[in-house]
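J.: My questions will all concern the structure given below.
What follows is calculated from the coordinates using simple rules that are stated; it is not laboratory data. Nothing here was measured: the structure is a model prediction, and the numbers come from that model. Using ideal geometry, Cβ is built from the backbone for each residue, glycine included, and neighbour counts are taken over all protein chains shown.
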Amino acid sequence: MSQGAEPESTQQEAAEQEKKKVGGRNLPKAIAVGVGIVVIALGSLLWSPWIFALVVALAVTGAAWEFAQAFSTVGIRVTRAPIYTATAISPFVCYAWGLEGQVVLVGALIVAILLWRIRRGNENYVKDVTASFFIAGYLPFMVGFVMLSLNSDNGIQRVITFIALTIASDIGGFFAGVTFGKHPIAASISPKKSWEGLAGSLLLQAVVGALLFVYLLDSTWWAGVITGLVMTVSATAGDFAISAIKRDVGVKDMSNLIPEHGGIMDRLDSLVPNAFVSWAMFTLFLGH
C-alpha cells in the first residue's frame with residue numbers, strides 16, 4: 001500500500017455509505033432520525049399537553065439559538081436573552097391563556113427587544129432590532145398557534161393532523177423530486193426543489209388531508225383536501241424562506257445538531273408556517 005493511501009476496507013465503507021445517499025442524504029439514517037423525532041413529538045403529545053409544550057419549547061429555543069448564530073456570521077447581533085426567554089415560555093403561555101396570552105407575550109417581547117438592544121448604542125441598531133423582530137414573529141408567535149390548536153376540544157387530533165400533513169408534504173415532495181424532478185422552482189434559492197416535487201407534495205397532501213379529516217377529525221373529505229393543498233403551499237414557502245436565509249448568511253445548514261437533517265430549523269422550516277396555517281384552516285372548517 002502506498003503511503004497516505006486509504007485502507008481498502010475504509011474505501012469500501014465510504015462507497016457503501018455513498019450508495020445509501022438519496023438526494024444528498026444517507027436515507028436510512030435520515031429516516032431513522034426522522035422517525036425518532038416524530039415518536040418524541042407524538043409520544044409527548046399523547047402523554048401530556050404540558051410535556052408536549054416542553055418539547056416544543058426546547059425545539060423552538062434551539063431554533064432561536066441557530067438563528068442567532070447564523071445572523072452573527074454577517075455581523076447581526078440579535079437580542080438573545082429576551083428572545084430565548086420568550087421562545088422558552090411561549091408554548092406554555094399560549095396553551096394556558098390562548099390567543100390573548102400569545103399577543104401579550106409577543107408585544108412584551110417587542111418592547112424588550114427595543115430596550116435590551118439600546119444598551120449597545122445606535123450602531124447597527126436598526127439591523128439588529130429588525131433581525132430580532134423577525135425571530136420574535138417567526139418563532140414564539142407562529143409556533144404558538146400549535147398550542148392554540150391543542151387547546152381545542154379535539155386538540156390532540158388537530159395537532160396530529162398538523163404534523164402528519166406537514167410530514168406528508170415533505171415526503172411527497174422529496175420522493176417525487178428525486179424520482180421525477182427536472183424543473184427547479186427557484187434554482188438560485190433551492191436548486192433541489194422542483195415543480196415535480198411540488199406536484200408530489202400536493203397529491204399526497206390531498207389524499208392524506210381527506211383521510212385525516214374524515215377518519216380523525218370527523219369532518220368532510222373536501223375540507224381535508226383544501227387544507228392539505230393550502231398547507232403544501234405554506235410548507236413550501238417556509239422551506240424556501242429558510243433556504244434564502246441560509247444562502248444570504250452563507251451557511252449550508254442552520255447547525256449540525258440533527259444527524260442527516262442539519263439543524264433544528266432545517267426540520268422546522270415547513271412546520272413553523274404550517275402551525276399558523278393549520279390553526280386557521282382548522283378554525284375555518286372545524287370551529288374553535
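J.: Residue-wise, which Karplus ³J(HN,Hα) couplings in Hz belong to region 133-148, taking 6.51 cos²θ - 1.76 cosθ + 1.60, θ = phi - 60°, and x for glycine or proline?
T.: 4, 4, 4, 4, x, 7, 9, x, 6, 5, 5, x, 5, 4, 6, 5
J.: Oh, and also: Within a Cβ distance under 11 Å of I264, other residues only, what is the Lys/Arg minus Asp/Glu net charge? Could the numbers behind the result be given before it?
T.: Working: positive: R267; negative: E66, D253, D266, D269.
Charge balance in the 11 Å sphere: -3.
J.: Compare I118, I264, I110 in a GNM of the chain, Cα atoms joined below 10 Å, and give the one with the largest fluctuation.
T.: Evaluated over the chain, the most mobile residue of the options is I118.
J.: Whole-Hz ³J(HN,Hα) for each residue in region 49-64, computed from phi via Karplus 6.51 cos²θ - 1.76 cosθ + 1.60 with θ = phi - 60°, x for glycine and proline: what do you get?
T.: Coupling constants for region 49-64: x, 6, 5, 4, 4, 5, 4, 5, 4, 5, 5, 5, 5, x, 5, 5 Hz.
J.: Starting from the coordinates of the alpha-carbon atoms of region 75-118, obtain the Kirkwood hydrodynamic radius over all distinct pairs and give the value in Å to one decimal. If you can, show how the numbers build up before the last one.
T.: Working: mean 1/r = 0.0921 Å⁻¹.
One over the average 1/r among Cα pairs gives 10.9 Å for region 75-118.
J.: Give me the extension gain from A244 to W50: residue separation times 0.36 nm, minus the current Cα-Cα distance, reported in nm with one decimal. Let's see the in-between values first.
T.: Details: separation 194, 0.36 × 194 = 69.84 nm, distance 3.37 nm.
Gain on stretching A244 to W50: 66.5 nm.
J.: What ranking do 218-227, 54-63 get when scored by the average of other Cβ atoms within 10 Å per residue, highest first? Present the calculation step by step, with values, prior to reporting the outcome.
T.: Numbers: 218-227: 18.4, 54-63: 21.1.
The densest-packed peptide leads the list: 54-63, 218-227.
J.: Here is a follow-up. Could you check the simple spin-label distance between A96 and V74, using points 7 Å along Cα→Cβ, in nm with one decimal?
T.: Taking the two extended label points, one gets 3.7 nm.
J.: Bin by bin, in steps of 10 Å, what percent of the Cα pairs in region 147-226 do you find, going until the bin that has the longest distance?
T.: Pairs per bin, as whole percents: 21, 38, 25, 15, 1.
J.: Here's a follow-up. Could you work out how far the C-alpha centroid of region 102-169 sits from that of region 174-219, in angstrom?
T.: Value for the Cα centre distance between the two parts: 26 Å.
J.: Is the shape of the chain best called rounded, prolate or oblate, per the rule: a/c under 1.5 gives rounded, else a/b larger than b/c gives prolate, else oblate, with a ≥ b ≥ c the square roots of the Cα gyration tensor eigenvalues?
T.: On the way: a/c = 1.78, a/b = 1.12, b/c = 1.59.
Note, shape of the chain comes out oblate.
J.: Calculate, in nm to one decimal, what K127 and L211 gain on full extension: separation in residues at 0.36 nm each, minus their alpha carbon distance.
T.: Details: separation 84, 0.36 × 84 = 30.24 nm, distance 4.55 nm.
Stretched out fully, the K127 to L211 stretch lengthens by 25.7 nm.
J.: For the chain, set up a Gaussian network in which alpha carbons nearer than 10 Å are linked by springs, and say which option among G155, G137, G177 fluctuates the most.
T.: Of G155, G137, G177, the most mobile in the Gaussian network model is G137.
J.: If I stretch the segment between F134 and T283 completely, what's the gain in nm (0.36 nm per residue apart, minus their alpha carbon distance), one decimal?
T.: On the way: separation 149, 0.36 × 149 = 53.64 nm, distance 2.55 nm.
Gain on stretching F134 to T283: 51.1 nm.
J.: From the C-alpha coordinates alone, can you work out the Kirkwood hydrodynamic radius of region 46-124, in Å? Present the calculation step by step, with values, prior to reporting the outcome.
T.: Values: mean 1/r = 0.0732 Å⁻¹.
Taking every pair of different Cα atoms in region 46-124, averaging 1/r and inverting gives 13.7 Å.
J.: Moving to a separate point now. Return the long-range amide H neighbours of S194 (sequence gap of 5 or more, or a different chain), with a cut-off of under 5 Å between placed amide H atoms.
T.: When sequence neighbours closer than 5 places are left aside, the close amide H contacts are I185.
J.: Follow-up question, since we're still on this one. Using only the Cα atoms of region 153-288, build the gyration tensor, take square roots of its eigenvalues as a ≥ b ≥ c, and label the shape rounded, prolate or oblate: rounded if a/c is under 1.5, else prolate if a/b is larger than b/c, else oblate. Working shown, then result.
T.: Values: a/c = 2.31, a/b = 1.61, b/c = 1.44.
The shape class here is prolate.
J.: Next up: Between region 228-254 and region 47-101, what is the C-alpha centre distance in whole Å?
T.: Region 228-254 and region 47-101 have Cα centres spaced 19 Å from each other.
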